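Undergrad: Before we start, here is the structure in question, set down as structure tokens.
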Amino acid sequence: MSLLPAALRRDRTAPPPPPRPGEVLARARELTVRLGPRPVLHDVDLDVTAGHVLALVGPNGAGKSTLLGALAGDVPAESGGIALAGAPLTTWTPRQLAMRRAVLPQSAPLAFPFTAGDVVRMGRAPWAGTPLADEDDAAVAEAMAVTETTGFADRPYPALSGGERARVALARVLAQRAALLLLDEPTAALDLHHQELVLRVCREQAAAGKAIVIVLHDLGLAAAHADRVAVLAAGRRTAYGAPADVLTADLLSEVYRHPVEVLPHPRTGHPLIHPLRDPTP
Amino acid sequence: MQRGQCAQSEEVPPGAAPTTPPPAGATRSRTHTLTRKTLLTLALTATLLAITLASTTTGAYHIPAPDILASTAHRAHLGGHPLPRVPESVLWDVRLPRLTLALLVGASLGCAGALMQGVFGNPLAEPGVIGISSGAAVGAVGSIALGLTFAGTWTVTVCAFAAGLLTVLLVYGLSRSAGRTEVVTLVLTGIAVNAFCGALIGLCVFYADNSQLTQITFWQLGSLAQATWPKVLAVLPCAAAGLLAAPFFARRLDLLALGERQAGHLGVDVERMRLTLVCVVALLTAAAVAVAGIVAFVGLVVPHLLRMAAGPGHRFLVPGSALGGALVLAAADLGARTLAVPAELPLGVITALLGSPFFFWLLRRTRARQGGWA
């Protein structure tokens, strides 16, 4: 039956093949999203490529989280659409989606006091009953090791600090071992060391062939770690490209409505982004 | 001690990152929890057997334990011998149907409580507290008051199920916002639903004749005193269906603790699961209410104690709560029969007397944890 969408023809529980380098895992075309009466995204085009870290930046209310939610399948498109692994997002079942993409939400509350280790193990749920379930223990151990959360595997999640929870939540997403990672501000609650750690983990995942979409507020982190940056403002994609091309003083000053200066780092050459401040009297 | 208090909520300094090899620790702790769950299951089963034996021997007419074993063996065609007419009848026509009913009702309530707390993502959800039991009771009382007999002995159960299902859907719809249920909304909705159902039951009482009145009063207090084998048969399908279906949702209930959206991201079809579980909860509650009336707090206390003892994982919690509920209700009914001899205390009164203070403590603890209701 060639009329059936590609997703429906596949075996429900068959694990997807690993992505090819440079494969477009998610593609948004003329995506328009309305939340209530308010249009939040207008005609956004975006390609998410295997092997790349794509940073979504922009001022508050620009639509970054909404775009991430739309890519995750949480927010329905009003017009335009999103394709995941070549098939429209709406044709996948929740289970098939979970085998292909993992989502880290902004906040991660938990209704019952599961331990951190239990929470990370929940990330393995999509693979229950498939041959990949054999990797459960290894995936959990590896995800906790790279996020430096192994030390509190036995502590109840609600008793952890904000920063510890954020890393445990990230470990859960990594343990899922999906090809596409959608991360909404994973660095918001973290100190300097752990911010760098998280971005380094993203880089390693991208190097291993995954595609990462990450919402960031810290432009310096985006400049230093992302392969591609998409700047959103008022629901539109204002700029897209390599960090050095996109993160310019003119563009950022206009988008953030605040004068910004951009200097090359004396050693690495990465753009350093700095808001202009009046000298104190 | 609360589990949360032993852990500090300070960030581990970067230098103090774990140095010991991780998998060994993780495995050890999981084996530890496993043995703990096995021990707990064994302890619960042993106590349940002890209570079963105590319930069958104790009462106005004492039957020694060896006689009970002999009579059971005889009925199962495994040797033994029948008892004289009176003890045989007391055992098989009075005590055993009552005990069986207590076990069924208790298991149903315990299991329904665990499922409900999981589905609502709220540790205070319980059929009695949020009004599902009252809703089912309206169905049961209404079918008695109107003299309905369309489904034979199952009529009361069917009506209790229909009314219970309607109430769960109502409470569920009213108490949720943005995929979550706040404690305050849930409890307030429960008050409103209980008040409304109380009024409906009051109406039925007002229009009932004398014989119906005795039957109805029964529902309001909660009791197993009228247990018979036909009653056991009347609720068995409901209770068995609910109890057998429940464990299949355990892993997905664990994921639901992350929130609906996150559970969806992990492949759970949340809408379908919620709807199915709401039906299962209605089945279990209806089974309990149709024969025993409103027996509150079993579904609250049992899952909580088990969660404290063995952690929140639903693969143990759901069947464990059924076992624990059966144990608690059999014990409470034994108390109801024997504490105030020759009178009999209503079962619902006993569970409420013990359960309400527990509920109160839970409320205070939940409030302290989240820093007020706001």
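Undergrad: Measure nothing fancy, just the Cα-based angle from helix B:298-310's long axis to the longest principal axis of chain B, in degrees from 0 to 90, nearest 10.
TA: Once rounded, the angle reads 40 degrees.
Undergrad: What does the accessible area per residue of region A:1-156 come to in Å², with a 1.4 Å probe and no ligands, DNA or RNA counted?
TA: Accessible area per residue: 42 Å².
Undergrad: Can you put B:Thr56, B:Thr41 in order of accessible area, largest first, using a 1.4 Å probe?
TA: B:Thr41, B:Thr56
Undergrad: How much length, in nm to one decimal, is gained on full extension between A:His217 and A:Leu276, taken as 0.36 nm per residue of separation minus their Cα-Cα distance?
TA: 19.5 nm
Undergrad: Moving on. When the Cα centres of region A:31-94 and region B:313-374 are compared, how far apart do they sit, in Å?
TA: Using only Cα atoms to place each centre, the spacing works out to 48 Å.
Undergrad: Additional query: Which percent of the accessible heavy-atom area of region A:56-199 goes to carbon and sulfur, probe 1.4 angstrom?
TA: It is 54 percent, rounded to a whole number.
Undergrad: Computed FRET efficiency, Cβ-Cβ of B:His77 and B:Ala343, R0 56 Å: what is it to the nearest 0.05?
TA: Working: r = 39 Å, r/R0 = 0.70.
After rounding to 0.05, the efficiency reads 0.90.
Undergrad: Once label points are set 7 Å from the Cα along Cα→Cβ at both B:Ser89 and B:Asp209, what is their separation, rounded to one decimal in nm?
TA: 2.9
Undergrad: With runs of 4+ DSSP H residues as the only contributors, calculate the mean residue ellipticity of the protein assembly as shown at 222 nm using -39,500 (n - 2.57) per run, divided by the residue total and rounded to the nearest 500.
TA: -17000 deg cm²/dmol
Undergrad: Ok, one more. For chain B, treating each Cα as an identical point scatterer without solvent, what Debye log10 I(q)/I(0) comes out at q = 0.08, 0.09, 0.12, 0.14 1/Å?
TA: Computed log10 I(q)/I(0) values: -0.44, -0.55, -0.93, -1.21.
Undergrad: So what does A:Glu196 come to for accessible area, using a 1.4 Å probe and Å² rounded to 10?
TA: Estimated to the nearest 10 Å², A:Glu196 gives 80 Å².
Undergrad: Which FRET efficiency, nearest 0.05, do A:Asp250 and A:Asp134 yield, Cβ-Cβ r, R0 60 Å?
TA: The computed FRET efficiency comes out at 0.65.
Undergrad: How about region A:83-98: which of its residues lose at least 40 Å² of accessible area in the presence of all protein chains relative to their chain isolated, using a 1.4 Å probe?
TA: Hits at the 40 Å² cut-off: A:Pro94.
Undergrad: Specify the angular offset, from 0 to 90 degrees and rounded to the nearest 10, of the alpha carbon long axis of helix B:314-338 from the longest principal axis of the alpha carbons in chain B.
TA: Between the helix axis and the principal axis of chain B, the angle is about 40 degrees.
Undergrad: For helix B:22-57, report the angle its Cα long axis makes with the longest principal axis of the Cα atoms of chain B; keep it between 0 and 90° and round to the nearest 10°.
TA: That works out to roughly 10 degrees.
Undergrad: Can you give the accessible area of A:Lys210 in Å² (nearest 10), computed on protein heavy atoms with a 1.4 Å probe?
TA: 40
Undergrad: Another question, if that's okay. Using 16 Å as the cut-off for backbone N distance, which residues of region A:195-210 belong to the label zone defined by a point 7 Å from the Cα of A:Ala145 along Cα→Cβ?
TA: Taking a point 7 Å out along Cα→Cβ of A:Ala145, the residues of region A:195-210 whose backbone N falls under 16 Å are A:201, A:204-205.
Undergrad: Excluding ligands, DNA and RNA, what is the accessible area buried between chains A and B, summed over both sides, using a 1.4 Å probe, to the nearest 100 Å²?
TA: 3200
Undergrad: Using a Förster distance of 60 angstrom, determine the FRET efficiency expected from the C-beta separation of A:Asp43 and B:Leu49, and round it to 0.05.
TA: Calculated transfer efficiency: 0.30.
The values are calculated or read from the model by the stated rules, or taken from the named source; none is laboratory data. Note that the structure is predicted; figures quoted are calculated from it, not measured. With ideal geometry, Cβ positions are generated from the backbone for all residues, glycine too; neighbour counts draw on all protein chains shown. Keep in mind that these areas ignore ligands, DNA and RNA; they rest on the heavy atoms of the full protein, side chains included. Shrake-Rupley method; radii C 1.70, N 1.55, O 1.52, S 1.80 Å.
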